[in-house]
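Below you'll find the structure, written out as structure tokens, and then a few comments.
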Amino acid sequence: MDYTKYHERYSRQILFSQIQKQGQKKLSESKVTIIGCGGLGSNTANNLVRAGVGFIRIIDKDKIELSNLQRQQLFDEEDIKKELPKVIAAKNKLNLINPDIEIDAVAGSVNKKNIKKYIKDVDLVLDGTDNFITRFIINNACVENNIPWIFGAVAASYGMVCSIISGLEY
């Protein structure tokens, strides 16, 4: 790793008193799974790559459609012409933004049978899906494995976010 480039890239975050060098190091060692690469997931992946999160797994089964382009900043019409899955197009763009981040693009769905392999080695799961069945699967697996997860949802002009930290005692 080129440490001069690393320190220059993250210099503004390192100056932030809540992050500093220790926090940036923790970000670079962190592993996150994002389930869903639509409006929430793709923009979250963009921000995490720019922040320097070291490993990001993105899971989505969809291909890019024209209606995605007004709210999903990672994609463009060339991706549609190439008929790329969202996760492959996202990985390509994210690697251009920050080639030092490891990105695992999974073109597929999450279900009860496969979710554990996608979350077993991560520090955080982010839910960017748009359906409750998948959200329940994510919740059950994360709670069972003591992995914190965050879900977000958007409907019309409203949004919400919720963090679930399993095993937290008060």
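Read the figures in this text as sums done on the coordinates, not as results from a lab. Bear in mind the structure is a predicted one, so any value in this text is a computation, not a measurement. Methodologically, a virtual Cβ is constructed for each residue, glycine included, from the backbone with ideal geometry; neighbour enumeration extends over all protein chains shown.
Tabulated results
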{"read-out": "Partner aspartates and glutamates for K112 [C-alpha distance under 18 Å; skip if fewer than 8 residues away on the same chain]", "value": "D60, D121, D127, D130, E144"}
{"read-out": "Rh by Kirkwood over Cα pairs, then Stokes-Einstein D for the chain at 0.692 mPa s and 37 °C, µm²/s", "value": "196"}
{"read-out": "Antiparallel bridges, percent of DSSP beta bridges restricted to the chain (to nearest 5)", "value": "30"}
{"read-out": "Helical contribution to [θ] at 222 nm, DSSP H n ≥ 4, -39,500 (n - 2.57), averaged over the chain, rounded to 500", "value": "-11500 deg cm²/dmol"}
{"read-out": "Signed unit charges on C-beta, dipole axis of the chain, positive-most listed residue I103, Q70, G128", "value": "I103"}
{"read-out": "Most positive-pole-ward Cα, G152, Y118, N92, against dipole of the chain from beta carbon charges", "value": "Y118"}
{"read-out": "Under Karplus coefficients 6.51, -1.76 and 1.60, residue-wise ³J(HN,Hα) of segment 69-76 in Hz, glycine/proline x", "value": "5, 6, 10, 10, 5, 6, 10, 9"}
{"read-out": "When the convex hull of its Cα atoms is projected in every direction, mean area for segment 89-170 (nm²)", "value": "7.3"}
{"read-out": "Under-5 Å amide H pairs with K63, H placed in peptide plane, nonlocal only", "value": "K86"}
{"read-out": "Listed pairs K31/K61; K82/K117; K63/K93; K31/K91 exceeding 18 Å between Cα atoms", "value": "K31/K61; K82/K117"}
{"read-out": "Projected label distance in nm at V161 and D123, using a 7 Å step from Cα toward the beta-carbon", "value": "1.7"}
{"read-out": "Longest site-free stretch - the chain; sites: trypsin sites (Lys or Arg not before Pro), DSSP loop, at most 14 other Cβ within 10 Å", "value": "1-60"}
